[in-house]
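Read the structure below first, then the notes.
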Amino acid sequence: MSARDSGESVAEILAGKVGALAPQRVPASVRARAEALLIDVVGLCVAARRTDYVEALLAAVDSGGPCTAIGHATTFSAEHAALINGAATHGEDFDDTFEGGPVHSSAVIVPAVLAACERFGRDGRAALVGIVAGVETLCRLSMVVPKAVHRSGFHPTSVLGAPAAALAVAATLGLGRKQMVDALGHAGSFASGIIEYLAEGASTKRLHPGWAAQAGLQAARIAAQGVLGPRTVFEGTHGLFNGFARSVEGDYEVLTGDFGERWHMDGITFKPYATGTMNQPYIDCALRLARRGFTAEDVADVLCETAEGYVHRLWEPLAAKHRPPNAYVAKFSAPFNIAVAFVTGGAGLAAFTEQAAGDERILALASKVRYVVSPDNPYPKAYTGHVRMTLKDGRVFEERQPHIRGGAREPLARAEIEAKFLGNCDYGGWPKGGSRRFLEAVPRFFDGPLDLALLRG
C-alpha cells in the first residue's frame, strides 16, 4: 500500500518497517553483508589514517569523549568520531557502492552506528539492526528518483545519507516510530552536499559521508528528546526530493514496499580498485589490454564508449581530464584511470599518488584517450567498460567489461574482502596482530557487548 493510499506519510511507513526489524530475524546473507561492510570500513579508515585530510580533521575538532576514531588513540565525541570515520572511509574512493544510485552506504552508516553504540552503550545486536536498516534505506532512497540528485548538482551519498543515518541511529537506539519519523524530518533539513568539488579537485567530497553520518546522528538525538520533525520530509511540496531532485514524483514504493523482505544491500559492490565507481570496468579492460603484448608507446589512439551520465564526472573537460592537477582529481578522470592501469598494471592505493599523477609516461597515454556516448549504455542499472586501442602499426585491440567486478554479477568472495582489508591495514601501518585480531572478532561482533578499543592505535 502506498503512502497516499493509506493516508500515512512515506516516512511513517518507512519507520514502521524499520521498527519491525529484529536482530534474530536478519537473514544470514544480510548479516554476512553487514560483517563484510564493517571489515571494509575498518580497513579503509586505517589506510587513510595518516593522510593529510584525516590529520586535518583530527586537528579541526575537539578531542575528548567516549568514541573511537578508527586507527587513532585519541577519542572524540560521537558526532566527531562519525565525521572522522566517515571521511576516512570514503577519502580514497575505495569504499563500497550501490549501482542503482550510485551511493556509498557504509561510509555513512557504519560510522554513525558505531558512534551511537559507543556513546549510549548499545551492543552488537543493536549495531546489526542499525547498520542493516541504514544501509538498506540509503540504497532504496537512491532509487526513488534515479540520477536526479546528481543531475541537479548534488552528491547523493551526502544528501540521502543524512536521513538514512538518522534512521540507522534511531533503530540502534531503539527509538519509537514517532521519534524515527521526527529524526527523518530533521535530517531532511540537515542534508547537504554539492558536487562543485569536481571543478578543481577539492577534498570536500571526502568529507561528505562523515558530515552525513554526523548530521544523522544529531538528528536522531534531537528526535529522541521529542522535537517535532516534518512527517512529509520526502514527498512534501518543500521536501527532500523537491529540494535536491527537483521533483516530488518519485517511486516511493521502491523505498517502502518490500522493506525487510527483499534486501537491495545484497547487491552492494565492493570495489577492487582505489578509484571512482564508474572507472572500475574501464580499469579491467585496460589491465586485460596490457597483457596483449604491446606498450603504451605503441598506442596511437584510444576510444571508449561511455554513458551520458558519466561525461561530466569522468570525461569533461577532456583536456583537464588528460592532465589531472593532483592525485585526487585523477580518480575522477577516465583517461588517467585507463592509462595508469595499463602502464603500472594495477589501480590500488599506490597508483594514485602525486608521483603517479605527474608521470609523463602515464599522462602521454592518457592524452590519447577519447570517448563517444553510447545511447545503449545501461547506466545506472549497470556499470560497463569499453576500451579500444589502435596501434601505430594499424592493429586494433578491444576489450569490454559488461559489469562492475565486486558487484552482484561478479561478487568478491569474503576471502578477497579480507585480503583487501589486510592490504589496507598494511598500507596504513597497522600492526598485523591488530588486524588479525579484528578479523577473528568479526563473526561475534554482532552478538554481544561492543568494545571498539581494539580499533584504536
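The values are calculated or read from the model by the stated rules, or taken from the named source; none is laboratory data. Because the structure is a prediction, the values reported are computed rather than measured. Counting neighbours? That spans all protein chains shown, and the Cβs are built from the backbone with ideal geometry, glycine included.
Select, from Ala127, Ala148, Ala107, the only residue that is closer than 14 Å to Gly216 by Cβ and either in contact (Cβ under 8 Å) with a residue 40 or more places away in the chain or more than 18 Å from the chain's Cα centre (by Cα) (or both). Break it down into steps so the answer makes sense when it comes.
Details: Ala127 fails: closer than 14 Å to Gly216 by Cβ; Ala148 fails: closer than 14 Å to Gly216 by Cβ.
Among Ala127, Ala148, Ala107, only Ala107 is closer than 14 Å to Gly216 by Cβ and either in contact (Cβ under 8 Å) with a residue 40 or more places away in the chain or more than 18 Å from the chain's Cα centre (by Cα) (or both).
Could you check how many residues of region 186-208 are closer than 12 Å to Pro163 by Cα and either of a type in the set (Gly, Ala, Ser) or in contact with a Ser or Thr (Cβ under 9 Å, 6 or more places away or on another chain) (or both)? Spell out the reasoning first.
Taking region 186-208 first, the residues closer than 12 Å to Pro163 by Cα are 186-192.
Still in the list and also either of a type in the set (Gly, Ala, Ser) or in contact with a Ser or Thr (Cβ under 9 Å, 6 or more places away or on another chain) (or both): 187-189, 191-192.
Going through region 186-208 one residue at a time, the tally reaches 5.
Only one of Val145, Val113 is touching a Lys or Arg at 6+ places or on another chain (Cβ under 9 Å), buried (at least 24 other Cβ atoms within 10 Å of the Cβ) and not small (Gly, Ala, Ser). Can you tell me which?
On the way: Val145 fails: buried (at least 24 other Cβ atoms within 10 Å of the Cβ).
Going through Val145, Val113 in turn, the sole match is Val113.
Residues that are under 25 Å from Ala48 (Cα atoms), of a type outside the set (A, V, I, L, M, F, W, C) and in contact with a strand residue (DSSP E or B) (Cβ under 9 Å, 6 or more places away or on another chain): does region 289-312 have at least one?
First, pick out the residues of region 289-312 that are under 25 Å from Ala48 (Cα atoms): none.
No; the residues of region 289-312 include none that is under 25 Å from Ala48 (Cα atoms), of a type outside the set (A, V, I, L, M, F, W, C) and in contact with a strand residue (DSSP E or B) (Cβ under 9 Å, 6 or more places away or on another chain).
Counting only helices (runs of 4 or more DSSP H) wholly contained in region 1-86, the ones carrying 2 or more residues that are β-branched (Val, Ile, Thr), within 22 Å of Val129 (Cβ to Cβ) and in the same structural domain as Ala112 (by TED's automatic domain parsing) occupy 10-19, 28-47.
Determine which member of the set Asp5, Asp52, Asp95, Asp40 is farther than 20 Å from Leu454 by Cβ, crowded, with 23+ Cβ neighbours inside 10 Å and either over 15 Å from the mean Cα position of the chain (by Cα) or at pLDDT 95 or above (or both). Give the steps one after another, and end with the answer.
Working: Asp5 fails: crowded, with 23+ Cβ neighbours inside 10 Å; Asp52 fails: crowded, with 23+ Cβ neighbours inside 10 Å; Asp40 fails: farther than 20 Å from Leu454 by Cβ.
Only one candidate passes the filter, namely Asp95.
If you go through region 320-354 and keep only what is more than 18 Å from Ala202 (Cα to Cα), surrounded by fewer than 15 Cβ atoms within 10 Å (Cβ to Cβ) and at pLDDT 95 or above, you end up with just Gly345. Among the residues of region 101-129, those that are within 28 Å of Ala382 (Cα to Cα), hydrophobic (A, V, I, L, M, F, W, C) and in contact with a Gly (Cβ under 6 Å, 6 or more places away or on another chain) comprise Ala107, Val108, Ile109.
The single condition among (1) in contact with a helix residue (DSSP H, G or I) (Cβ under 6 Å, 6 or more places away or on another chain); (2) under 26 Å from Ala320 (Cβ atoms) that Pro380 does not satisfy is (1). Candidates are the residues of region 191-210 that are over 17 Å from Pro111 (Cα atoms) and of a type outside the set (A, V, I, L, M); the one that is surrounded by the most Cβ atoms within 10 Å (Cβ to Cβ) is Gly193.
For (1) without any contact (Cβ under 8 Å) to a residue 60 or more places away in the chain; (2) of a type outside the set (Gly, Ala, Ser), each residue gets a yes or a no:
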| residue | (1), (2) |
| --- | --- |
| Thr306 | no, yes |
| Ala327 | yes, no |
| Phe332 | no, yes |
| Pro335 | yes, yes |
| Thr344 | yes, yes |
| Leu349 | no, yes |
| Asp393 | no, yes |
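Which number in (1) hydroxyl-bearing (Ser, Thr, Tyr); (2) touching a Gly at 6+ places or on another chain (Cβ under 9 Å); (3) farther than 21 Å from Arg122 by Cα marks the one condition that Thr75 misses? Condition not satisfied by Thr75: (3).
Scoring Tyr273 on the criteria (1) part of a helix (DSSP H, G or I); (2) under 21 Å from the mean Cα position of the chain (by Cα) leaves a single failure, condition (1). Of all residues in region 154-176, exactly one satisfies the criterion of being touching a Gly at 6+ places or on another chain (Cβ under 8 Å), in a loop (DSSP other than H, G, I, E, B) and farther than 16 Å from Gly188 by Cβ, namely Gly176. Answer yes or no: is there a residue in region 142-157 that is touching a Cys at 6+ places or on another chain (Cβ under 9 Å) and farther than 28 Å from Ala202 by Cβ. The answer is no, given that none of the residues of region 142-157 is touching a Cys at 6+ places or on another chain (Cβ under 9 Å) and farther than 28 Å from Ala202 by Cβ.
Suppose the filter is among the aliphatic types (A, V, I, L, M) and either within 22 Å of Leu412 (Cα to Cα) or part of a loop (DSSP other than H, G, I, E, B) (or both); does Leu287 pass it? Break it down into steps so the answer makes sense when it comes.
Details: among the aliphatic types (A, V, I, L, M): yes; either within 22 Å of Leu412 (Cα to Cα) or part of a loop (DSSP other than H, G, I, E, B) (or both): yes.
The answer is yes for Leu287.
When region 370-390 is filtered for residues that are surrounded by fewer than 18 Cβ atoms within 10 Å (Cβ to Cβ) and over 13 Å from Gln280 (Cβ atoms), the ones remaining, listed by number, are Arg370, Val372, Val373, Ser374, Pro375, Asp376, Pro378, Lys381, Arg388, Thr390. Filter region 69-79 for residues that are more than 14 Å from Gly210 (Cβ to Cβ) and touching a strand residue (DSSP E or B) at 6+ places or on another chain (Cβ under 8 Å); which is surrounded by the fewest Cβ atoms within 10 Å (Cβ to Cβ)? If we take residues in region 69-79 being more than 14 Å from Gly210 (Cβ to Cβ) and touching a strand residue (DSSP E or B) at 6+ places or on another chain (Cβ under 8 Å), then Thr74 is surrounded by the fewest Cβ atoms within 10 Å (Cβ to Cβ).
Assess whether Arg313 counts as being surrounded by fewer than 23 Cβ atoms within 10 Å (Cβ to Cβ) and either assigned to a loop (DSSP other than H, G, I, E, B) or over 25 Å from the mean Cα position of the chain (by Cα) (or both). Quick ask: steps written out before the conclusion?
Numbers: surrounded by fewer than 23 Cβ atoms within 10 Å (Cβ to Cβ): yes; either assigned to a loop (DSSP other than H, G, I, E, B) or over 25 Å from the mean Cα position of the chain (by Cα) (or both): no.
No; evaluated as a whole, the condition is false for this residue.
Restricting attention to region 377-396, which residues are over 27 Å from Ser142 (Cα atoms) and touching a Ser or Thr at 6+ places or on another chain (Cβ under 8 Å)?
Filtering region 377-396 down to residues over 27 Å from Ser142 (Cα atoms) leaves 387-396.
If the condition is that a residue be over 27 Å from Ser142 (Cα atoms) and touching a Ser or Thr at 6+ places or on another chain (Cβ under 8 Å), then Val396 is the only one that fits.
Of Thr295, Thr353, Thr306, Thr344, which residue is more than 24 Å from Gly406 (Cα to Cα) and hydroxyl-bearing (Ser, Thr, Tyr)? Step through it out loud before you land on a result.
On the way: Thr353 fails: more than 24 Å from Gly406 (Cα to Cα); Thr306 fails: more than 24 Å from Gly406 (Cα to Cα); Thr344 fails: more than 24 Å from Gly406 (Cα to Cα).
Just one listed residue meets the conditions, Thr295.
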